[in-house]
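The next block holds one structure in the form of structure tokens; read it before the comments.
The values are calculated or read from the model by the stated rules, or taken from the named source; none is laboratory data. Please read these numbers as outputs of a predicted model, since none were measured by experiment. Using ideal geometry, Cβ is built from the backbone for each residue, glycine included, and neighbour counts are taken over all protein chains shown. Side chains are part of the model used for accessible areas, which takes the heavy atoms of the whole protein and leaves out ligands, DNA and RNA. Shrake-Rupley method; radii C 1.70, N 1.55, O 1.52, S 1.80 Å.
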Amino acid sequence: FLLSFQQTHSAPRSTLSSSSAASDVYKRQMHRSSLIPAELILSFFQTLGPTNGAALRILNLDNTQANDAVLECVAQSCPQLCEVDLSGCDAITDGGLVALASHCSELQSVLASYLS
């Protein structure tokens, strides 16, 4: 069972020069505002619970606003999770990763690039 939280729309293009620092800040702000909020993801996994979440093996949270609270809930709701993609989830810390590792005994792969 695979679950992916991704939006397919793209952020508007900046009218600023791509080489300017202001353009980089604008792009980061636009990208951040288009991400799926942590509260929505957390609510989903709270509703899912361990009975239904046990079937989930692969989870893609790439470029969402997932945070440590989301990972704690995912870890408790999806104990059989094998793979998770957290790329670009810059609100995740070591604490969230420890929660996953502690509760998901089948975990084999965590993609965690571009974290803060």
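Descriptive notes on the structure:
- Hey, residue 65 at pLDDT 90 or above, part of a loop (DSSP other than H, G, I, E, B) and either of a type in the set (Phe, Trp, Tyr) or in contact with a strand residue (DSSP E or B) (Cβ under 8 Å, 6 or more places away or on another chain) (or both) or not: yes
- The set of residues in the range 87-104 being open to solvent by 50 Å² or more (accessible area, probe 1.4 Å) and either basic (Lys, Arg) or touching a Pro at 6+ places or on another chain (Cβ under 7 Å) (or both) consists of 103 alone.
- Condition check for residue 112: at pLDDT below 95 and either buried (at least 18 other Cβ atoms within 10 Å of the Cβ) or out of contact with any Gly (no Cβ under 7 Å at 6 or more places or on another chain) (or both): yes
- Scope the range 39-86; condition among the polar types (S, T, N, Q) and surrounded by fewer than 16 Cβ atoms within 10 Å (Cβ to Cβ); matching residues: 43, 46, 47, 51, 52, 80
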